[in-house]
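The values are calculated or read from the model by the stated rules, or taken from the named source; none is laboratory data. Not measured: the values here are computed from a predicted model. Note that each Cβ is placed from the backbone with ideal geometry, even for glycine, and that neighbours are counted across all protein chains shown. What goes into the accessible areas is simple: the full protein's heavy atoms, side chains included, and nothing from ligands, DNA or RNA. Shrake-Rupley method; radii C 1.70, N 1.55, O 1.52, S 1.80 Å.
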Number of protein chains: 2
Amino acid sequence: MNIDGNPWRTIWLERDGSSVGVIDQTKLPHVFTTISLSTCKEAADAISSMVVRGAPLIGVTGAYGLMLALQEDPSQSALERAYRLLISTRPTAINLRWALDRVSLRVGAVKESERVAVAREEASLIAMEDVAMCESIASYGFDIFKKLIKERPAGQELEPLNVLTHCNAGWLAAVDWGTALAPIYKAHRSDMQLHVWVDETRPRNQGASLTTFELSREGVPHTLVVDNAGGHLMQHGKVDAVIVGADRVTKSGDVCNKIGTYLKALAARDNGVPFYVAVPSSTIDWSIADGLSEIPIESRSEREVNEIQGALISSNSNVCRSELVGVQLSPFETRAHNPAFDVTPAELVTGLITERGLALANYESLKRLFPEEN
Amino acid sequence: MNIDGNPWRTIWLERDGSSVGVIDQTKLPHVFTTISLSTCKEAADAISSMVVRGAPLIGVTGAYGLMLALQEDPSQSALERAYRLLISTRPTAINLRWALDRVSLRVGAVKESERVAVAREEASLIAMEDVAMCESIASYGFDIFKKLIKERPAGQELEPLNVLTHCNAGWLAAVDWGTALAPIYKAHRSDMQLHVWVDETRPRNQGASLTTFELSREGVPHTLVVDNAGGHLMQHGKVDAVIVGADRVTKSGDVCNKIGTYLKALAARDNGVPFYVAVPSSTIDWSIADGLSEIPIESRSEREVNEIQGALISSNSNVCRSELVGVQLSPFETRAHNPAFDVTPAELVTGLITERGLALANYESLKRLFPEEN
């Protein structure tokens, strides 16, 4: 990950070893600022207010949140309270539960005086592993891109590969690399010609504000479109592949991801466009099969639909780059409904790109890659 | 059409008989204001800047635009210049060409001294006919709603009928009544219980700003959702029918409408939800069959994607209801692509609701209703 020539991560242990730094993603792309989390409450608030977001990053932040809680009180009851607080922040992404379980299991096995150090070690390990998993996804995804170019009709091999993505599943959603964008970065650094269609991703606009920010910083050619446009682009042959991340994948391959993903998957099928989902194994929920009935879908504030934030454009058309303001879009009496995720049935998914390679979206194929899971 | 208890139309001849009044739709829902168009250039600007929009209303405004041009210069060359100026404003909606042709044909047959009066008469006739066609659509659409309720499983007859609509095809898009919303108003005034899911409709947000405005004023229960949410709602049985308008329908039943309509049609098919399109016959283009290859899709400014307008919310969370400001959503270097319409293939359309009744989306069925067309 590269921000104005400097390598960054989205989350890090501060030098004091007892607080955690993160990039404040609610102010991007207009203002780049970091904040320091010193308590479990602050970590929980950072997750629920989407200062940090993205399934892998939520998991790592949760893990560090337990460390912060244990610094205040290393008792078992404090650990359980912190677990409950953190798990309640976002119900859909399974990575959070997975990370909290990992840390809880390890610290539960040691005495209170060792718990902070063990939590710190485990959280840091989860962060390191996330980077490694995402880099592996990058390689497997890049292989798929190469294959797609190879299969093109003669004469079109040199055209840029057009990839459409929804939401943000780049480095800002993980610790580094990202999931869906990782293969794009790998390909770009290997001089493959590619161009990314970026879905705006209402209501929180993670595409318009975060994916564009990342791709700009990395120098990857891209074009922003509203969420409504993807089907039209596919009808006219402008999309070679769709690639998205996920917040939870069931063992049968149903994919829960940012609201609107399902509509793009339908359009991809209707137009013969391959639809890939990039997921570290921490996003696979082996305890459930049916995505539509078994995954809790977070319902967020209607204010996210009725209002939007941006950099103020003054009446003379200048933009005050750092003056972030909110505007009301709809009539004041209008009520809104704001489901944050939807479920794409496995039959619409061409493949799942994991850190161990490509799986088809079904139990047999996933199990072959992860035989240790039940 | 009912705004705060008063009947309105979206366009009218001013008392002087030589200028035309319209509601400025770019400022809704926050500011309700009207403006007066005195020249053909002003009428053309009103169409291209979307002060007036919606296929039927664009047609009527174009017709009056010719009248305004002839007031300045009734010559044949001035008439042709005005036609070219007006037709260039929006390429997709066929109603504009249809209305300009009607007025041109009539004024072309009379001498210059009579042209203004004939243009005024023909434009007013088109406006009146539009109201009548929309009211007829209202009745036929209401019949369909009644049938949908009748076919429900026993015990569910009293649940509100949940209708999803995309963009704005209400009275603001026509002269009165509207197309897709007309049956909803008819049903509501007949005490049918119904609830409307309103797609926000990025990038110009005609759903969030105009459809919500109309439904509020008419007292119809409704909920705003982002464009991404419709598929999820259908997967969970929350939508009984989709109903939209159109900017052009081919003789084989392909439907060109606001960008994103195609995605909703795909989701409707995938979930067994009926998908209706409400169109006056002025929206049917009998000269073409294949929507995907034959309809020009307007590409609008990328600023409509990168920026958005709303009522400023001050830092203390108060909203300045009348202070409309623009905000930049994406990084300043980001380029955007903004196709304004897409095409829904006929096979995804359950039926076309016209002023002569319901047609299937195919040539034979349309021709049966409109035998006079070629």
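Given a 1.4 angstrom probe, I'd like the percentage of the accessible area of the stretch B:2-127 that is carbon and sulfur, rounded to a whole number.
Working: 2670 of 5040 Å².
Heavy-atom surface of the stretch B:2-127 belonging to carbon and sulfur, 1.4 Å probe: 53 percent.
Just need log10 I(q)/I(0) for chain A at q = 0.08, 0.09, 0.11 Å⁻¹, Debye formula, equal scatterers on the alpha-carbon atoms, no solvent, rounded to two decimals.
Taking Cα atoms of chain A as identical point scatterers yields -0.39, -0.50, -0.75.
Step through the residues of the stretch A:293-302 one at a time and calculate ³J(HN,Hα) from phi using the Karplus curve (6.51 cos²θ - 1.76 cosθ + 1.60, θ = phi - 60°), rounding each to whole Hz and writing x for Gly and Pro.
3J(HN,Hα) across the stretch A:293-302, in whole Hz: 9, 10, 9, x, 9, 5, 10, 9, 4, 5.
Please list, in order along the stretch B:362-369, the HN-Hα scalar couplings obtained from phi with the Karplus expression 6.51 cos²θ - 1.76 cosθ + 1.60 (θ = phi - 60°), rounded to whole Hz, x for Gly and Pro.
Result, rounded to whole Hz: 8, 4, 4, 5, 5, 5, 4, 6.
With unit charges on the beta carbons (Lys and Arg positive, Asp and Glu negative) and the dipole taken about the Cα centre of chain B, which residue among B:337, B:70, B:209 sits farthest to the positive side?
B:209
For the protein assembly as shown, what is the accessible area per residue in Å² when the probe is 1.4 Å?
36 Å²
Explain nothing, just the number: dipole magnitude of the stretch B:284-374 about its Cα centre with +1 on each Lys and Arg Cβ and -1 on each Asp and Glu Cβ, in debye rounded to the nearest 20.
Computed charge dipole of the stretch B:284-374: roughly 340 debye.
May I ask which of A:264/B:150; A:238/B:258; B:186/B:264 have a Cα-Cα span longer than 22 Å here?
Working: A:264/B:150 33 Å; A:238/B:258 19 Å; B:186/B:264 24 Å.
As for pairs spanning more than 22 Å Cα to Cα, those are A:264/B:150; B:186/B:264.
Kindly give Rg over Rh for the stretch B:2-127, based on alpha-carbon atoms, with the Kirkwood expression for the hydrodynamic radius.
Value, to two decimals: 0.97.
May I ask you to give the average projected area over all directions of the convex hull of the Cα atoms of the stretch B:86-172, in nm² rounded to one decimal?
So the Cα hull casts an average projection of 8.0 nm².
Positive end of the dipole of chain B, charges at C-beta (+1 Lys, Arg; -1 Asp, Glu), about the Cα centre: which of B:145, B:277, B:237 has its Cα farthest in that direction?
Towards the positive end, the residue furthest out is B:237.
Which value, in debye to the nearest 20, describes the size of the charge dipole of chain B about its Cα centre when Lys and Arg Cβ atoms bear +1, Asp and Glu Cβ atoms bear -1, and nothing else is charged?
Here the size comes out at about 180 debye.
Sort out for me the Cα centre separation of the stretch B:220-296 from the stretch A:20-78, rounded to whole Å.
Using only Cα atoms to place each centre, the spacing works out to 43 Å.
At residue B:109, with labels set 7 Å past Cα in the Cβ direction, how many nm apart are the copies from this one, shortest first?
9.2
Name the residue, out of A:216, A:88, A:293, whose mean-square fluctuation peaks in a Gaussian network model built on chain A with Cα pairs under 10 Å.
For chain A, modelled as a Gaussian network with Cα springs under 10 Å, the answer is A:293.
Using unit Cβ charges (K, R positive; D, E negative) and no other charged atoms, how large, in debye to the nearest 20, is the dipole of the protein assembly as shown about its Cα centre?
Magnitude of the dipole: close to 100 debye.
Under the convention of a label 7 Å out along Cα→Cβ, give the distances in nm from residue A:371 to the same position in every other copy, shortest first.
Its label point is 7.4 nm from the equivalent points in the other copies.
Taking each full run of DSSP H in chain A as one helix, which ones are at least 27 Å long along their axis (Cα atoms) and have mean Kyte-Doolittle hydropathy of at least 0.0?
The qualifying helices are A:112-150.
Checking an interface number: how much accessible area is buried between B and A, summed over both chains, with a 1.4 Å probe, in Å² rounded to 100?
Buried area between the two chains comes out at roughly 5400 Å².
Put a point 7 Å out from Cα along the line to Cβ at residue B:14; what are the distances to that point in the other copies, in nm, shortest first?
Listed shortest first, these distances are 6.4 nm.
As a check on your grasp of the helix formula, calculate [θ] at 222 nm for chain A: sum -39500 (n - 2.57) over DSSP H runs of n ≥ 4, divide by the residue count, round to the nearest 500.
Counting only the DSSP helices, I get -11500 deg cm²/dmol.
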